[in-house]
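Written below as structure tokens is the structure these notes are about.
The values are calculated or read from the model by the stated rules, or taken from the named source; none is laboratory data. This structure is a prediction, so every number in the text was calculated from the model and none was measured. All Cβ positions, even for glycine, are placed from backbone atoms using ideal geometry, and neighbour counts span all protein chains on display.
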Amino acid sequence: MPLFDIGLLQIFNLPKVSINLMLEKTQSNDPFYAAVVKKFYALANARHAKLFFAKQYEYGFALCRLPESFEDYFHALKKSARWNYRKATRLGYEVKRFDVNSRLEDIADIWRSTPVRQGKLPKVIREGRVVAVNDPPSRSPFHDYYYVGVFGHGKLLAYASCAIMGELCNLNDLYGHVEHEQDGLVPLLLIKIAEEIFTSYPSVKFYAYGTYFGARAPMRRFKRKFQFYPYRVSWVLETPPSPSPKPRMIWRRELFREMPQTRLTEGSLVVASRLSDLPRVFSLWRTLGPWWKTIRAALKLATGKRVFFGIESGNRLIQSGWAHLGFCRHYSVESDSVVLERVWTHPDHRAKGLASTAMIRVMNGLFRRGYRRFYVDTTPRNIAAQKMIAKAGFTQRMD
């Protein structure tokens, strides 16, 4: 596909994924695999020859995001892909791994079967000059480099080399003998490789087949048959160390009746639980920070899974918080529970019971909507928050 035929919107609207090559997992393997990962990572992040703003494998890398099972993958394929797979199976072709050095002549025959595939092939391939390889066997399911082929009539008739790198299975080579291409050898090979991924490489989440926009229209259609679509990829060389989680103190309260409500010492309660409430709170949010925080708060409200509450005084918020319905980012909760988070009071208005009063009123409102379990948490050092939580009626610690 010529680059001038690609619209910028098409490029920038590609779905985004992050792929971890897990370099740290090569430490217990042969050094060959660390070298493979580093070489691929360097190539993926090299400057693109034609798109000056992009990296080599950043925009338009052809990926299949693997589902939960091989059966799900197989049923997602285009009908013609499944038909060719079954055709090759009926004709008796067999797919298995093989030693390259024992099949050099077969590979040479495959290369020489046509001088043109996706563009003119390099001279070394057109002339069938195959070089022996000495790749060491892998000792880990996180990284591997192996060759798998389709065999029939006593010969290797199609093959691929597969690089397993953490979350990625990348097809480095894929060739089939032209005289047998109508038998469905390549579809059979692609599907069998996917089946092997599910069986042997549980860390792999993405199955890759080169670049998408650089291929001609027939090849792009072919890739789509097997669920290879263009993505925008950010490459992660190795898993970053997980930060030590901050200790949390967690309280739970189960209501059987509404709680007695205390009087607000100043201001009035504001609650927003649906988009129709947005005009009421939008201008108040603007008093809390930059515009992008206001937009982010509006998007939270739009999910329908969050309730905003606060106390308004003088056209500005002096207290605020969120109630998350059925989920928490830090610990597991029941789907019918409520987690009170990001409870804040302006420094000039603290020690007046505003936060605990707002929390009680919001809990009572959600109780009337059918919610019975409520959670709240803070850190051990936040003594003021612990006192506020106790004042709101939370006495049962869960951590």
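Tabulated values for the structure
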{"quantity": "Subset of region 369-379 that is assigned to a loop (DSSP other than H, G, I, E, B) and of a type in the set (Ser, Thr, Tyr) - its residue that is surrounded by the fewest Cβ atoms within 10 Å (Cβ to Cβ)", "calculated": "379"}
{"quantity": "Subset of region 25-49 that is under 25 Å from residue 134 (Cβ atoms) and of a type in the set (D, E, K, R) - its residue that is surrounded by the most Cβ atoms within 10 Å (Cβ to Cβ)", "calculated": "25"}
{"quantity": "Residues being in contact with a helix residue (DSSP H, G or I) (Cβ under 6 Å, 6 or more places away or on another chain) and over 27 Å from residue 180 (Cβ atoms) - total across region 57-98", "calculated": "3"}
{"quantity": "Single unsatisfied condition, residue 131 versus (1) in contact with a helix residue (DSSP H, G or I) (Cβ under 7 Å, 6 or more places away or on another chain); (2) free of Cβ contacts under 8 Å to residues at least 24 places away in the same chain; (3) over 23 Å from residue 225 (Cα atoms)", "calculated": "(1)"}
{"quantity": "Filtered residue count, region 131-151, keeping only those that are buried (at least 19 other Cβ atoms within 10 Å of the Cβ), over 22 Å from residue 43 (Cα atoms) and not aromatic (Phe, Trp, Tyr)", "calculated": "2"}
{"quantity": "Residue in region 316-328 that is part of a loop (DSSP other than H, G, I, E, B) and either among the β-branched types (Val, Ile, Thr) or modelled with pLDDT under 90 (or both) present", "calculated": "no"}
{"quantity": "Complete set of residues in region 213-237 that are of a type outside the set (S, T, N, Q) and farther than 20 Å from residue 55 by Cβ", "calculated": "216, 217, 218, 219, 220, 221, 222, 223, 224, 225, 226"}
{"quantity": "Any hit, region 380-390, residues being among the β-branched types (Val, Ile, Thr) and assigned to a loop (DSSP other than H, G, I, E, B)", "calculated": "no"}
{"quantity": "Filtered residues of region 172-199 (kept if under 26 Å from residue 67 (Cα atoms) and among the charged types (D, E, K, R))", "calculated": "173, 192, 195, 196"}
{"quantity": "Region 190-211, residues that are small (Gly, Ala, Ser) and within 17 Å of the chain's Cα centre (by Cα)", "calculated": "203, 208"}
{"quantity": "Top-ranked residue in region 92-106 [being in contact with a strand residue (DSSP E or B) (Cβ under 7 Å, 6 or more places away or on another chain) and among the aliphatic types (A, V, I, L, M); ranked as modelled with the lowest pLDDT]", "calculated": "100"}
{"quantity": "Every pair of residues 6+ apart whose Cβ atoms lie under 8 Å, when the first sits in region 136-154 and is under 13 Å from residue 26 (Cα atoms) and in the same structural domain as residue 101 (by TED's automatic domain parsing) while the second is at pLDDT 95 or above and of a type in the set (Lys, Arg)", "calculated": "140/25; 142/25; 143/25"}
{"quantity": "Residues within region 224-244 that are in contact (Cβ under 8 Å) with a residue 60 or more places away in the chain and part of a loop (DSSP other than H, G, I, E, B), tallied", "calculated": "6"}
{"quantity": "Region 314-340 residues that are over 17 Å from residue 249 (Cα atoms) and in the same structural domain as residue 356 (by TED's automatic domain parsing), paired with ones that are modelled with pLDDT under 90 and in a loop (DSSP other than H, G, I, E, B) (beta carbon under 7 Å, 6 or more apart)", "calculated": "326/335"}
{"quantity": "Residue that is nearest to residue 212 (Cα to Cα), among those in region 56-81 that are without any contact (Cβ under 8 Å) to a residue 60 or more places away in the chain and surrounded by 13 or more Cβ atoms within 10 Å (Cβ to Cβ)", "calculated": "56"}
{"quantity": "Flag if residue 41 is over 28 Å from residue 221 (Cβ atoms), assigned by TED's automatic domain parsing to the domain that holds residue 207, at pLDDT 95 or above and not in a strand (DSSP E or B)", "calculated": "yes"}
{"quantity": "Hits in region 214-230 - residues which are in contact with a helix residue (DSSP H, G or I) (Cβ under 8 Å, 6 or more places away or on another chain), buried (at least 20 other Cβ atoms within 10 Å of the Cβ) and closer than 14 Å to residue 59 by Cα", "calculated": "215"}
{"quantity": "Residue within region 351-368 that is exposed (fewer than 12 other Cβ atoms within 10 Å of the Cβ) and among the hydroxyl-bearing types (Ser, Thr, Tyr) present", "calculated": "no"}
{"quantity": "Among residues of region 282-301, those that are more than 30 Å from the chain's Cα centre (by Cα) and not in a helix (DSSP H, G or I), counted", "calculated": "1"}
